[in-house]
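Undergrad: Next up is a structure, given as structure tokens.
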């Protein structure tokens, strides 16, 4: 019987440098975004497991015997300790009434929840009767790691409920984090949740959600940076939809067409990522204004490179022009072709300048958040320590 009310949170992510070049073996830097997904655990009705995901319109409840029976089918179809099989996912879809091939966020979120719940409980013991509510500050489908933050929160909560990891929050504490060994286990299960949602994820998003800070990614190898300062940024969603698959294909086509021109561009993006890593690791935790000019130059150069690769967009050009008019430096983050951009906010930037930039960007039809990068990874909270906004959002479900 689970008797405590607690919350778990995990951050989203942005790519600081290395978009598209990373697909070709170059270095990328991914950083944790201080927009978070929150999962609340509360004791539930005996013999039932309930989940509510108000952001995607999911509210489901299952009785424990039905879940145990389904767990038996999942285990019979294959080794539950391996990545999800087609047979396992088909059984889950049938149980949940999800049509084959359904890819809407509500279907994928429900599928990931069921898979992780049953696979974790098959290995570590029954999940007790609880009510789970998940709410996120992250928009879905914007390339900000919202699905990974969800999977990380789920993994941490389910592993803790089954006793596979500790409950590190002591009486009187507001937050706590798990040991490195426990974080590694959380990350491995979160990756399996990401496999349900995305099929073949890189593992970067869930690693950022687990460890926070910043990570270096190259050729499948993920390495946390030794030290990461907390940097203020303006995150802007242009709301222009884009296809990552189409953009990646376009970059490859351009490289094949003009290798002598494009390969040096990729090498330069790689050098920016590596130089930026060195600068970040040498910066103090709370950098002063004089630390920013080199980071701003990296943003400017890399944005030009990404336009050369063909992944820019008029909306992103407009974003850069608007922020430049307020003496701020921006670049796209993620796949490009629309989507999101990030703007550095040095500590000496006046609040009036930030507000004016936000107003001008919103006037373009964009959505803005003033936030930070270098945020902590998955964290356990006492519910009383959460902000009024988060508590209200969780209570609304």
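Undergrad: Scan the range 313-325 residue by residue and report those that are assigned to a loop (DSSP other than H, G, I, E, B) and either within 25 Å of the chain's Cα centre (by Cα) or under 17 Å from residue 17 (Cα atoms) (or both).
TA: Selection gives 313 alone.
Undergrad: For residue 49, state whether it is at pLDDT 85 or above, closer than 24 Å to residue 392 by Cα and surrounded by 14 or more Cβ atoms within 10 Å (Cβ to Cβ).
TA: Values: at pLDDT 85 or above: yes; closer than 24 Å to residue 392 by Cα: yes; surrounded by 14 or more Cβ atoms within 10 Å (Cβ to Cβ): yes.
It is true that residue 49 is at pLDDT 85 or above, closer than 24 Å to residue 392 by Cα and surrounded by 14 or more Cβ atoms within 10 Å (Cβ to Cβ).
Undergrad: Quick check: anything in the range 13-30 under 27 Å from residue 166 (Cβ atoms), in contact (Cβ under 8 Å) with a residue 24 or more places away in the chain and more than 19 Å from the chain's Cα centre (by Cα)?
TA: No, there is no match, as no residue in the range 13-30 is under 27 Å from residue 166 (Cβ atoms), in contact (Cβ under 8 Å) with a residue 24 or more places away in the chain and more than 19 Å from the chain's Cα centre (by Cα).
Undergrad: Could you list, in sequence order, the residues of the range 248-264 that are in contact with a helix residue (DSSP H, G or I) (Cβ under 9 Å, 6 or more places away or on another chain) and within 18 Å of residue 334 (Cβ to Cβ)?
TA: Within the range 248-264, 248, 250, 251, 252 qualify.
Undergrad: Exactly one of these conditions fails for residue 150: (1) touching a residue at least 60 places away in the same chain (Cβ under 8 Å); (2) outside any helix (DSSP H, G or I); (3) within 30 Å of residue 390 (Cβ to Cβ); (4) touching a helix residue (DSSP H, G or I) at 6+ places or on another chain (Cβ under 9 Å). Give me its number.
TA: The number of the failed condition is (2).
Undergrad: Spot the failing condition for residue 296; the list is (1) in contact with a strand residue (DSSP E or B) (Cβ under 9 Å, 6 or more places away or on another chain); (2) assigned by TED's automatic domain parsing to the domain that holds residue 36; (3) surrounded by fewer than 20 Cβ atoms within 10 Å (Cβ to Cβ), and only one is missed.
TA: Every listed condition holds for residue 296 apart from (2).
Undergrad: Follow-up question, since we're still on this one. Show me the helices (runs of 4 or more DSSP H) found entirely inside the range 214-312 where at least 2 residues are farther than 28 Å from residue 322 by Cβ.
TA: Output list reads 244-257, 259-282.
Undergrad: Tell me whether the range 339-347 contains one or more residues that are free of Cβ contacts under 8 Å to residues at least 40 places away in the same chain and touching a helix residue (DSSP H, G or I) at 6+ places or on another chain (Cβ under 6 Å). Even if it seems obvious, please write down each step before you answer.
TA: As a first pass, look at the range 339-347 and keep what is free of Cβ contacts under 8 Å to residues at least 40 places away in the same chain: none.
The answer is no; no qualifying residue exists.
Undergrad: Can you pull out the residues in the range 330-351 that are at pLDDT 95 or above, surrounded by fewer than 23 Cβ atoms within 10 Å (Cβ to Cβ) and under 20 Å from the mean Cα position of the chain (by Cα)?
TA: 344
Undergrad: Would you confirm whether any residue within the range 168-183 is touching a helix residue (DSSP H, G or I) at 6+ places or on another chain (Cβ under 8 Å) and closer than 28 Å to residue 69 by Cα?
TA: no
Undergrad: Which of the following residues is in contact (Cβ under 8 Å) with a residue 40 or more places away in the chain, in a helix (DSSP H, G or I), crowded, with 17+ Cβ neighbours inside 10 Å and assigned by TED's automatic domain parsing to the domain that holds residue 273: 390, 354?
TA: Details: 390 fails: assigned by TED's automatic domain parsing to the domain that holds residue 273.
The unique qualifying residue is 354.
Undergrad: Give the residues of the range 165-184 that are farther than 12 Å from residue 378 by Cα and not in a loop (DSSP other than H, G, I, E, B), sorted by residue number.
TA: Restricting attention to the range 165-184, the residues satisfying the condition of being farther than 12 Å from residue 378 by Cα are 165-174, 181.
Result: 181, single match.
The values are calculated or read from the model by the stated rules, or taken from the named source; none is laboratory data. Predicted model only: the values in this text are computed from it and were never measured. When we count neighbours, we look across all protein chains shown, and the Cβ atoms used for this are built from the backbone with ideal geometry, even at glycine.
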